[in-house]
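Peer 1: Got a structure here, written out as structure tokens. Questions coming.
The values are calculated or read from the model by the stated rules, or taken from the named source; none is laboratory data. These numbers come from a predicted model, not from an experiment. Cβ atoms come from the backbone with ideal geometry, glycine included; neighbour counts cover every protein chain shown.
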């Protein structure tokens with residue numbers, strides 16, 4: 001059994017290594033060495049910098065996956081009372097290390113455990129996208145480590161469309177005579193306002209639950225070439241989140257129809273768009289051995305039934321679940337509200353409890369999987 005002192009010291013060592021997205025190599029090498037010390041048979045770093053370690057053999061094959069990178073910004077690492085502070089303490093080195101230590105503590109004869117520490121989750125998901133391309137990776141179940149809170153299990157994430165909407169007008173004019181030309185910023189904002197009205201009208205037909213609604217947000221806008229010239233071109237980024245009852249394509253089809261309808265009403269204005277990113281929504285089957293095993297494990301540890309959360313964000317779980325077509329949940333110690341903050345921290349009793357929850361979940365998963373196979 002892993003001692004609490006060792007577990008806390010290992011977490012601190014990972015926090016001491018600053019890992020903003022695409023700068024994870026030092027931590028990857030550190031974890032590779034730790035995995036070999038802890039009894040994994042294999043530990044390798046792939047072409048994009050993911051560290052993947054394997055322990056045991058046979059079925060079931062269970063993937064424990066977390067990310068090494070953090071958002072930028074150094075938070076001094078310190079242990080104060082029951083808390084450990086540092087960038088990544090909550091998001092997501094506490095879940096990552098607790099998964100690793102849980103896997104190390106499980107007997108090898110219980111199946112195959114694949115531990116993956118991926119890169120660039122906070123960026124463009126380079127790590128997880130490369131991991132799912134590995135045709136030798138054929139897990140039956142996967143847990144993605146994020147700070148859900150020790151008594152919560154995330155079973156669903158919305159999908160996401162990132163759309164770049166572009167407006168061009170025929171010409172520009174001197175800012176002192178704005179009546180001589182249309183203003184691309186003004187026109188694009190008018191178009192965005194019309195799109196918002198349509199989306200709001202659609203939302204009014206749906207339940208109040210935000211997890212079941214399409215959400216939309218203007219996140220970037222850029223236009224103009226000079227402070228005294230009316231802009232001829234303007235670009236904006238629209239972030240659209242898609243509930244599990246819809247698909248990216250169905251929302252995109254609706255968006256496309258609205259843009260075309262608006263364009264038909266305009267003169268001297270050209271509107272186009274392109275899809276920058278597309279991630280389908282995902283929800284785990286709550287009757288799967290994975291969800292049942294994790295629920296039982298939280299019950300064992302906390303003596304209460306965990307909440308099953310359907311979140312409005314989008315995560316690497318979406319990619320794992322949709323590409324590999326397997327049950328996936330997101331779980332881990334940590335407070336999501338502490339993530340990315342100037343005093344990011346993790347409550348150490350929850351971190352240590354998380355190790356036990358992961359470990360017992362693995363044992364329950366093996367038992368339930370084998371029971372399912374014999375039926």
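Peer 1: For the stretch 297-320, enumerate the residues that are part of a helix (DSSP H, G or I) and under 24 Å from the mean Cα position of the chain (by Cα). Write out each step before concluding.
Peer 2: Of all residues in the stretch 297-320, those part of a helix (DSSP H, G or I) come to 297-302, 316-320.
Of everything in the stretch 297-320, those that are part of a helix (DSSP H, G or I) and under 24 Å from the mean Cα position of the chain (by Cα) turn out to be 297, 298, 316, 317, 318, 319, 320.
Peer 1: Could you please find all residues in the stretch 226-252 being without any contact (Cβ under 8 Å) to a residue 12 or more places away in the chain and either assigned to a loop (DSSP other than H, G, I, E, B) or surrounded by fewer than 11 Cβ atoms within 10 Å (Cβ to Cβ) (or both)?
Peer 2: Across the stretch 226-252, the qualifying residue is only 226.
Peer 1: Provide a single number: the residues in the stretch 1-46 that are outside any helix (DSSP H, G or I) and in contact with a helix residue (DSSP H, G or I) (Cβ under 7 Å, 6 or more places away or on another chain). Explain how you work it out, then say what you get.
Peer 2: Taking the stretch 1-46 first, the residues outside any helix (DSSP H, G or I) are 1-3, 17-24, 38-46.
Now narrow it down to the ones that are in contact with a helix residue (DSSP H, G or I) (Cβ under 7 Å, 6 or more places away or on another chain): 2, 17, 19, 38-39, 43, 45-46.
Looking only at that region, the number is 8.
Peer 1: Go through (1) surrounded by fewer than 22 Cβ atoms within 10 Å (Cβ to Cβ); (2) modelled with pLDDT of 95 or more; (3) touching a strand residue (DSSP E or B) at 6+ places or on another chain (Cβ under 8 Å) one by one and return the number of the condition residue 57 breaks.
Peer 2: The number of the failed condition is (2).
Peer 1: Identify the residue in the stretch 208-221 that is out of contact with any helix residue (DSSP H, G or I) (no Cβ under 7 Å at 6 or more places or on another chain) and surrounded by 11 or more Cβ atoms within 10 Å (Cβ to Cβ) and, among all such residues, is modelled with the lowest pLDDT.
Peer 2: Quick first cut of the stretch 208-221, residues out of contact with any helix residue (DSSP H, G or I) (no Cβ under 7 Å at 6 or more places or on another chain) only: 208-212, 215, 217, 219-221.
Still in the running and surrounded by 11 or more Cβ atoms within 10 Å (Cβ to Cβ): 210-212, 215, 220-221.
On the way: 210: 75, 211: 80, 212: 85, 215: 91, 220: 96, 221: 96.
Filtering first and then ranking leaves 210.
Peer 1: Looking only at strands (runs of 3 or more DSSP E) that lie completely in the stretch 94-157, which have at least 1 residues being farther than 21 Å from residue 333 by Cβ and more than 14 Å from the chain's Cα centre (by Cα)? Write out each step before concluding.
Peer 2: On the way: elements: 112-118, 141-145, 152-157.
Hits in the stretch 94-157: 112-118.
Peer 1: Still on this model: Among residues belonging to the stretch 325-353 that are in a helix (DSSP H, G or I) and in contact with a strand residue (DSSP E or B) (Cβ under 8 Å, 6 or more places away or on another chain), point out the one that is farthest from residue 155 (Cα to Cα).
Peer 2: Result: 348.
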